[in-house]
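Trainee: Take this structure first; my questions come after.
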Amino acid sequence: MLSVRPKVAELVFQLYGRALHPELFVIHSSRTVKRGDYEATVNITSAGHVVTWRYHGLTLTEVATSAHHPLPQKRRLVSYRLKGEGTDQVECRGGARYQVNFQLEPVEPEVFWTFQQELAYDGQHQGMLYRFDSSGRMALGALSYINLETRNRSLLVQAFHTFPDDYAIVKSQSLFEIP
């Protein structure tokens, strides 16, 4: 199955106060972590990622995907077009908290390829890495790299998604915290 990343122009970043069905996404890599009182499943998908975090009956699902991807609107807490930079936070019942910083960064081709090489190297040693097939326009395909830092009371998710056809990098840093 060919796995080519979609165009960067239509990306969205969303947070839901519920789980989303995994069948909604083409999942290329998956990892589940359990630490303290929370559990999280992290998936690299065709357009970005999905993080489903659970704590004492509370579920938050972060999605970076295409705006054309058919996702529900029910219990959507945050929705942004991925253009420039953004920051948000959500206070949840039971004292749990979610914070996110994200940006879409167009870069010069030399900077892009250097960054892509560094991600590929880091992904061999830690975190989650998925290499996409080339779109045909570029010799190399896109990369998705996710690094997880787990603590008893928090989960930090750092995600990087490259888009070679546009020389663009999507970066996000999400923090899920329990009281």
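The values are calculated or read from the model by the stated rules, or taken from the named source; none is laboratory data. All values reported here derive from a predicted model rather than from experimental measurement. Because the Cβ atoms are built from the backbone with ideal geometry, glycine has one as well, and the counts that use them run over all protein chains shown.
Trainee: Among GLN99, GLN116, which is the only one that is under 23 Å from GLU10 (Cβ atoms) and within 19 Å of the chain's Cα centre (by Cα)? Even if it seems obvious, please write down each step before you answer.
Mentor: Values: GLN99 fails: under 23 Å from GLU10 (Cβ atoms).
Checking each option against the conditions leaves just GLN116.
Trainee: Sticking with this structure for a sec: Keeping to segment 142-166, report how many residues are surrounded by 20 or more Cβ atoms within 10 Å (Cβ to Cβ) and outside any strand (DSSP E or B).
Mentor: Within segment 142-166, residues that are surrounded by 20 or more Cβ atoms within 10 Å (Cβ to Cβ) and outside any strand (DSSP E or B) number 2.
Trainee: Also, I was wondering about something else. Inspect all residues belonging to segment 92-101 and state whether any of them is surrounded by 13 or more Cβ atoms within 10 Å (Cβ to Cβ), modelled with pLDDT under 95, polar (S, T, N, Q) and part of a strand (DSSP E or B).
Mentor: No - not one qualifying residue is present in segment 92-101.
Trainee: Could you grab me the full set of residues in segment 3-25 that are touching a strand residue (DSSP E or B) at 6+ places or on another chain (Cβ under 8 Å) and farther than 23 Å from LEU77 by Cα?
Mentor: Within segment 3-25, SER3, ARG5, PRO6, LYS7 qualify.
Trainee: Among the residues of segment 39-61, are any at pLDDT below 95, touching a Phe, Trp or Tyr at 6+ places or on another chain (Cβ under 7 Å) and of a type in the set (Gly, Ala, Ser)?
Mentor: Looking through segment 39-61, none of the residues is at pLDDT below 95, touching a Phe, Trp or Tyr at 6+ places or on another chain (Cβ under 7 Å) and of a type in the set (Gly, Ala, Ser).
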